[in-house]
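Note sheet for the following structure.
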Amino acid sequence: MKFQLKNIVTVLLIAFTFVSCSTDNSEPIVISELDGLTKIQELTNDTHTIELYSASGTLQQGYNAISLRIKNKATKEYETNATVNWAPIMKMSTMTHACPYSEIKKTSGKQTLYNGYIVFQMAENTMEHWFLTVNYSINGVAESVSAQIAVPASTKQRVTTFIGTDGTKYLLALIDPSNPKVATNEMTVGVYKMSSMMQFPVVDGFKVKIDPRMPSMGNHGSPNNVDLIQSSIDKLYHGKLSLTMTGYWKINLQLLNDKNEVLKGESITDAVPSSTIYFEIEF
Amino acid sequence: MVVEQFSQIKKAKTSYILAFILRFIMKKIIFSWALFCLAIASIYGQEQTKDTIAPNNLNEVIVIGKKSEISQKQVKPLASIDEYLQQSGKIEMIKRGGYAWEPVLNSMATERTLITIDGMRIFGACTDKMDPISSYIEVSNLSEASIKSGQQGACHGATIGGAIDLKRNRSSFNDLGWKTSVNTGFETNSNQKIFGTAVNYVSDSFYIDTDFMYRDADNYSGGNSQKVLFSQFRKFNISATSGVLIDKNKLVEGSIIYDKATAVGYPALPMDVSLAEALITSLKFEYVPKSKKLTSDLALTNWETKIYYNTITHKMDDTKRPAVPIHMDMPGWSDTYGFYSKIKGVIENHHFNVDLNSFYNRSIAEMTMYPSDPNENLMFMYTWPDVRTFYGSLFLEDNIALNAASSLKFSVSLGNHFNEVADQLGLESLQIFYPNMSKSKSRILKSISANYLHYQNGFEYGLGIAYGERAPSVSEGYGFYLFNSFDRYDYIGNPGLKNENSVEGNAYLGYKNKSFSAKLTSSYFHISNYIVGKPDATVLPMTIGASGIKVYTALDYATIFNTDLNLEYQFDSHFKAKGQLVYNYGKDLENQNLPFISPLRYSTALNYKKDRFSAEIMIQGNATQTQYSPFYGEDRTPDYAILNLTSSYLFAINESKLNVRAGIENVLDTYYSTFSDWNNIPRKGRNFFLNVTFAY
Ligand SMILES: [Cu+2]
Ligand SMILES: [Cu+2]
């Protein structure tokens, strides 16, 4: 008897669960153009206003994923059929240089958005600033807009520039994890070299070794990290980063060329608590 | 009658050794070890009450109290529950300080054994085992500790080493009216002050038992007056049990225990405890059929059902310690909901017992570390990632009286053990080590045992074989960077561990006449998939100063053998001698020693009693620990022997009884540490104690 009763109760409970699931209709998903994006600033010329967006609404030193929209001043409509490229430059007191940046593509799944990334290897200061030029053409008509943009220093190190043992100047930028978790995080890094003041192409076939450490806790590490190798799809370097707790982590780096020679960075030992090249993550 | 059920109090069985009968003992040992060889499997022992019709499965019982009074048979009635348990030849205590010792049963610690309070499952909330279940009760709550070896403890859940059921006090309907007692004690060594009361009331169909106990101890001193810093503790315990008898054969009983310890020092560990708090509640329904015979053959004798809930909060504290490398908070919580329902009955010569039981436990522990730079974010992680355990099992036992002198007992149980990691952060933390780990895991746990008992002309012997399984503990399965200050490794749980299982053999041999009793019991366990931590040199430790990482893995097998001999001799109406000799052995498959295996240990006592006066002299000691295990952080522990003296006098004034007991423990102030003292902390030096109990 007792068992029968228990079974009946179980069946009823299961039935109830299914009923409540099936009545739980999900609402149609409304995709907003600007979901998760905040405006950084506007760049204006006579015909158009370029709206720059990022997740945080700001730019900072290091890697920045940037979206933009082009608003026709006359029609107040957003252009959906433009060809866009951009050129960030930093005007310093003695020289001018560019930085690594991607092409701009139409954002898939969106009507009016275009996106790409820029890696600012330096932060602005009171005398020296970054300028962004956006070139676009609509129906064969080319236009351009340019303005100063604010690139403050990041609180944690997200980009590192150095000269490798091969004499080349390299630049590493931390792309992911952008929202680090206590977990095995997917890690993405961009590896660039400075071939001229204006040219920072992606480097192919290298390897980035990582060793995350917590300096405030006896410099302990974490297990099962996977060194970063280049993906043939996005040309960026991908690996896995284990973070066993929240707090401040120093991601010690070593850059290896295609012959597995260390170009920069040191292995961590008791005597060498930190590599000369590293990223910082705090969460 | 239900009344009889409730008033039944098990007789204590304690025995000791005496030098002048050593030759006799040796003969016994040789004889029973021959017996051991005869048994195909290995051997194990149990003690047995005299009821030959229904052999009792109790292995050993330590009487703690009776109704409102704490047992006056004890040398030190207001001793801690830990000190009571330690009297058993099957139990050792791992000591991390002055309080909350961890019981080790048959050379197996918490993971492999069960401790229950009146059959209730309770799980400690400390990742460092600072809070064994026995730390949440008081001697004033308890009537006895029933110790069952190996699979004979399977009625309380899945176990390898056995079970200790701590049985609550309960008023008997035989003794109506009010009963009050006041207990107070003082110990010089730790400046421990003990105060307790018990107030009980019984009417024809109602009873209520309440008690209160408070202990406050400073740091104790080892031998030669060496202060053991951070060994202080303070705790109080309050409990109530109340029952209503309906129709003379149905009983409804509610029970509650609240226990709170603060500022508990753990000198052997890097941290102390600022709070250890438990609330333990239950509601029981008991039914004794008026007409026991259901059919001409079948009779039901008792049906007991209980639902229970308990919640434990544990907060560790390093703020009192000088120079901690990094300050951290480590709180833990454990909540358990459970029930059991058991029916006892008789069919012809079969005494059977059916027990359906289940529990649901939620264990969470976390760790927050404070960086020295206050601008840095706090470092947080789960050390127990909100692990839910759901267990249900059916236990069946049949006790067959073969004839007036012998009986056979079988038991089987089948349980389902389900674990789930409920916290996403916790799950993803563990997935750093086990990328393919799933959120939950289900296991089937089986147990089967058979025992044969024979009793004739004062001689009794028993043989048993059994098989049992257990699931990994929360720490073994899901622990995340648990620092073990004994071997100084950080431990990582392993959710993929197989069930640990044990094939067990046991035997005992006893003899008893008017003035002499002797009992030799032995048990042997062959444990497969024996769960231990194995160093993983590829992973860096987290704790500052740790030697490395150990990941829980399983050895193919390990073996454990325990034997204990208890002797008692009554010279005349005044003098009685007791002795106990215990030998344990534990090795893994590579013949490496297992940790916390006792060296040869002994105790012997001579007792004098005349009218209301009694006195006892006792020597207790260990041989040198030669079979220690450096792999688990052990070193060689030298031998020791200590001398204790006690005396007591019972004043009877009308209906009231005043018992005054005074004694000196470790009279010679010997400095010593035992094999089970965590990090070799010294045991208490000379200690004068005074226990006064007044009952009316
Ligand atoms: Cu840390
Ligand atoms: Cu603790």
Item to check | Filter result for B:Thr197 (surrounded by fewer than 22 Cβ atoms within 10 Å (Cβ to Cβ), away from chain A (no Cβ under 14 Å) and away from ligand 1 (no atom under 16 Å from the Cβ)) | outcome: yes
Checklist outcome for this item: Scanning the stretch B:85-130 residue by residue, those assigned to a loop (DSSP other than H, G, I, E, B), hydrophobic (A, V, I, L, M, F, W, C) and in contact with a helix residue (DSSP H, G or I) (Cβ under 9 Å, 6 or more places away or on another chain) turn out to be B:Ala100, B:Trp101, B:Ile122, B:Phe123
Checklist entry - With respect to the numbered conditions (1) within 21 Å of the chain's Cα centre (by Cα); (2) open to solvent by less than 20 Å² (accessible area, probe 1.4 Å), which one is the sole condition not fulfilled by B:Gln580? => result (2)
Next on the checklist: So for the stretch B:300-314 (the condition being in contact with a strand residue (DSSP E or B) (Cβ under 6 Å, 6 or more places away or on another chain), more than 30 Å from B:Val264 (Cα to Cα) and within 14 Å of chain A (Cβ to nearest Cβ)), does at least one residue qualify?
Outcome noted: yes
Checklist outcome for this item: Only one of B:Ala323, B:Ala365 is open to solvent by less than 20 Å² (accessible area, probe 1.4 Å) and among the hydrophobic types (A, V, I, L, M, F, W, C), namely B:Ala365
Next on the checklist: Looking at the stretch A:88-102, can you tell me whether even one residue there is in contact (Cβ under 8 Å) with a residue 40 or more places away in the chain, open to solvent by less than 10 Å² (accessible area, probe 1.4 Å) and farther than 21 Å from A:Pro201 by Cβ?
Outcome noted: no
Next on the checklist: Please go through the stretch A:240-252 and give me each residue that is open to solvent by 10 Å² or more (accessible area, probe 1.4 Å) and either of a type in the set (Gly, Ala, Ser) or more than 14 Å from ligand 1 (Cβ to nearest atom) (or both), ordered by number.
Outcome noted: A:Lys240
Item to check | Subset tally (residues that are more than 12 Å from chain A (Cβ to nearest Cβ) and among the β-branched types (Val, Ile, Thr)) for the stretch B:355-370 | outcome: 1
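Yes or no, residue by residue, for (1) under 24 Å from B:Gln620 (Cβ atoms); (2) open to solvent by less than 10 Å² (accessible area, probe 1.4 Å); (3) of a type in the set (Asp, Glu):
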| residue | (1), (2), (3) |
| --- | --- |
| B:Ala652 | no, no, no |
| B:Glu655 | no, no, yes |
| B:Ile681 | yes, no, no |
| B:Leu690 | yes, no, no |
| B:Tyr696 | no, no, no |
Checklist entry - Scanning for something closer than 23 Å to B:Ser429 by Cα and away from ligand 2 (no atom under 16 Å from the Cβ), does the stretch A:257-280 turn up at least one residue? => result yes
Next on the checklist: It is to be established whether one or more residues within the stretch B:424-433 are within 13 Å of another protein chain (Cβ to nearest Cβ), closer than 21 Å to B:Asn310 by Cα and either open to solvent by less than 30 Å² (accessible area, probe 1.4 Å) or modelled with pLDDT of 95 or more (or both).
Outcome noted: no
Checklist outcome for this item: B:Ser528 fails exactly one of (1) within 14 Å of chain A (Cβ to nearest Cβ); (2) surrounded by fewer than 22 Cβ atoms within 10 Å (Cβ to Cβ); (3) among the polar types (S, T, N, Q), namely (1)
Checklist entry - Of these, B:Gly254, B:Gly265, B:Gly338, B:Gly332, which one is away from chain A (no Cβ under 14 Å), under 22 Å from B:Tyr382 (Cβ atoms), open to solvent by less than 30 Å² (accessible area, probe 1.4 Å) and among the small types (Gly, Ala, Ser)? => result B:Gly332
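So is A:Leu59 part of a strand (DSSP E or B) and either surrounded by 14 or more Cβ atoms within 10 Å (Cβ to Cβ) or under 19 Å from the mean Cα position of the chain (by Cα) (or both) or not?
Here the answer is no, as A:Leu59 does not meet what is asked.
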Item to check | Segments classed as strands (runs of 3 or more DSSP E), wholly inside the stretch B:623-695, with at least 2 members that are under 20 Å from B:Thr188 (Cα atoms) and of a type in the set (S, T, N, Q) | outcome: B:640-653, B:687-695
Next on the checklist: Here's a check for you: in the stretch B:149-169, which residue that is farther than 22 Å from B:Ile531 by Cβ and assigned to a strand (DSSP E or B) is nearest to ligand 2 (Cβ to nearest atom)?
Outcome noted: B:Leu166
Next on the checklist: If a residue must be open to solvent by 10 Å² or more (accessible area, probe 1.4 Å) and under 18 Å from B:Gly162 (Cβ atoms), how many such residues does the stretch B:91-113 contain?
Outcome noted: 8
Checklist entry - Which of the following residues is polar (S, T, N, Q) and crowded, with 22+ Cβ neighbours inside 10 Å: A:Asn185, A:Asn179, A:Asn219? => result A:Asn185
Item to check | Residue under evaluation B:Ala240, criteria (1) touching a residue at least 40 places away in the same chain (Cβ under 8 Å); (2) in a strand (DSSP E or B); (3) small (Gly, Ala, Ser), criterion not met | outcome: (1)
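Of a type in the set (A, V, I, L, M, F, W, C), touching a residue at least 24 places away in the same chain (Cβ under 8 Å) and closer than 30 Å to B:Asp329 by Cβ - does that describe any residue in the stretch A:200-214?
Taking every residue of the stretch A:200-214 in turn, at least one turns out to be of a type in the set (A, V, I, L, M, F, W, C), touching a residue at least 24 places away in the same chain (Cβ under 8 Å) and closer than 30 Å to B:Asp329 by Cβ.
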Next on the checklist: Which residue is nearest to B:Leu453 (Cα to Cα), if the candidates are limited to the stretch B:381-395 and must be within 16 Å of ligand 2 (Cβ to nearest atom) and open to solvent by 10 Å² or more (accessible area, probe 1.4 Å)?
Outcome noted: B:Trp384
Checklist entry - Take the residues of the stretch A:196-255 that are in a loop (DSSP other than H, G, I, E, B) and aromatic (Phe, Trp, Tyr): which is nearest to the other protein chains (Cβ to nearest Cβ)? => result A:Phe206
Checklist entry - Take the residues of the stretch B:435-487 that are hydroxyl-bearing (Ser, Thr, Tyr) and either without any contact (Cβ under 8 Å) to a residue 12 or more places away in the chain or open to solvent by 40 Å² or more (accessible area, probe 1.4 Å) (or both): which is farthest from B:Val532 (Cα to Cα)? => result B:Tyr455
Item to check | From A:Ser232, A:Ser196, residue being away from ligand 1 (no atom under 16 Å from the Cβ), open to solvent by 50 Å² or more (accessible area, probe 1.4 Å) and free of Cβ contacts under 8 Å to residues at least 12 places away in the same chain | outcome: A:Ser232
Checklist entry - Which residue, of B:Asp398, B:Asp373, is surrounded by fewer than 21 Cβ atoms within 10 Å (Cβ to Cβ) and within 11 Å of chain A (Cβ to nearest Cβ)? => result B:Asp373
Checklist entry - Can you name every residue in the stretch B:369-380 that is more than 16 Å from ligand 2 (Cβ to nearest atom) and in a strand (DSSP E or B)? => result B:Tyr370, B:Met379, B:Phe380
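The values are calculated or read from the model by the stated rules, or taken from the named source; none is laboratory data. It should be emphasised that the depicted structure is a prediction, and the values quoted were computed from it without experimental measurement. Glycine also receives a Cβ, built like all others from the backbone with ideal geometry; neighbour counts cover every protein chain displayed. The protein model used for the area step is the full one, side chains on, heavy atoms only, and it has no ligands, DNA or RNA in it. Shrake-Rupley method; radii C 1.70, N 1.55, O 1.52, S 1.80 Å.
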